[in-house]
Amino acid sequence: MAIRKILNKRDETLHKVCKPVVKFDAKLHMLLDDMAETLVKAEGVGLAAPQVGVLRRLVIIDVYDGSGVKELINPEIIWRSDETQKVQEGCLSCPGEWGYTIRPKKVRFKAQDRNGNWYESEAEDLFAQAVCHELDHLDGILFLEKVVEFIDPEQMQE
């Protein structure tokens, strides 16, 4: 495994739409493992492939609830709750920038695992926020485009 470089918001790669993953092979497994190691080192909640320079539809998420890293390949949100949450958000590609976004409190998504098997899952609270944030990356959208109110880093909530 290896730590990958996380691209900065100014990199054009982060503003492009990603292509689907079609090969479920050792190269993909290595990318997922590298992304997991990179996420842990960066102390983040989620990481999308374009953030490490790969324009493919895959993300990893760890909300640190003891359930481990979730791998979502070719993910798609299939349902969003009407109930929303105003949440504090940041991004590994936008260090030092924080803001509040409005995200659904719950989402249901479908995705493939590292072997190409489809599954569905429901997420709520922080996990739902992370799913929305990371899937936005796959469409070239940074959280800064969704911020309703910017936060002074010195005023951050713990």
- Message: Give all pairs with beta carbons closer than 6 Å in which a residue from the stretch 3-17 that is over 12 Å from residue 142 (Cα atoms) and without any contact (Cβ under 8 Å) to a residue 40 or more places away in the chain meets a residue that is of a type outside the set (Asp, Glu) and surrounded by 16 or more Cβ atoms within 10 Å (Cβ to Cβ); count only pairs at least 6 apart in sequence or on separate chains.
- Response: 3/38
- Note on the structure: Apart from one, (1) closer than 15 Å to residue 135 by Cβ; (2) of a type outside the set (S, T, N, Q); (3) under 15 Å from the mean Cα position of the chain (by Cα) all hold for residue 6; the odd one out is (1)
- Out of curiosity, is residue 28 more than 15 Å from residue 141 (Cβ to Cβ), touching a strand residue (DSSP E or B) at 6+ places or on another chain (Cβ under 6 Å), buried (at least 17 other Cβ atoms within 10 Å of the Cβ) and not acidic (Asp, Glu)? no
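Confirm whether residue 86 is among the basic types (Lys, Arg), more than 25 Å from residue 43 (Cβ to Cβ) and either surrounded by fewer than 18 Cβ atoms within 10 Å (Cβ to Cβ) or over 15 Å from the mean Cα position of the chain (by Cα) (or both).
On the way: among the basic types (Lys, Arg): yes; more than 25 Å from residue 43 (Cβ to Cβ): no; either surrounded by fewer than 18 Cβ atoms within 10 Å (Cβ to Cβ) or over 15 Å from the mean Cα position of the chain (by Cα) (or both): yes.
Answer is no for this residue.
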- Message: Looking at (1) in contact with an Asp or Glu (Cβ under 6 Å, 6 or more places away or on another chain); (2) surrounded by 19 or more Cβ atoms within 10 Å (Cβ to Cβ), which one does residue 69 not meet, given that it meets all the others?
- Response: (2)
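Of everything in the stretch 1-45, what is part of a loop (DSSP other than H, G, I, E, B) and among the charged types (D, E, K, R)? Give them in sequence order.
Once the filter is applied, which keeps residues that are part of a loop (DSSP other than H, G, I, E, B) and among the charged types (D, E, K, R), the stretch 1-45 yields 4, 5, 9, 10, 11, 16, 23, 25, 43.
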- Within the stretch 96-127, of all residues that are surrounded by 15 or more Cβ atoms within 10 Å (Cβ to Cβ), under 13 Å from residue 75 (Cβ atoms) and not charged (D, E, K, R), the one nearest to the chain's Cα centre (by Cα) is 127
- Task: Scan the stretch 40-61 and give yes if some residue there is buried (at least 21 other Cβ atoms within 10 Å of the Cβ), touching a helix residue (DSSP H, G or I) at 6+ places or on another chain (Cβ under 7 Å) and among the basic types (Lys, Arg), otherwise no.
- Result: yes
- Meets criteria (more than 21 Å from residue 6 (Cα to Cα), small (Gly, Ala, Ser) and touching a residue at least 12 places away in the same chain (Cβ under 8 Å)) for residue 116: yes
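Here, each number is a calculation from the coordinates, and none is a lab measurement. A quick note: this is a predicted structure, and the numbers were derived from the prediction, not measured. With ideal geometry, Cβ positions are generated from the backbone for all residues, glycine too; neighbour counts draw on all protein chains shown.
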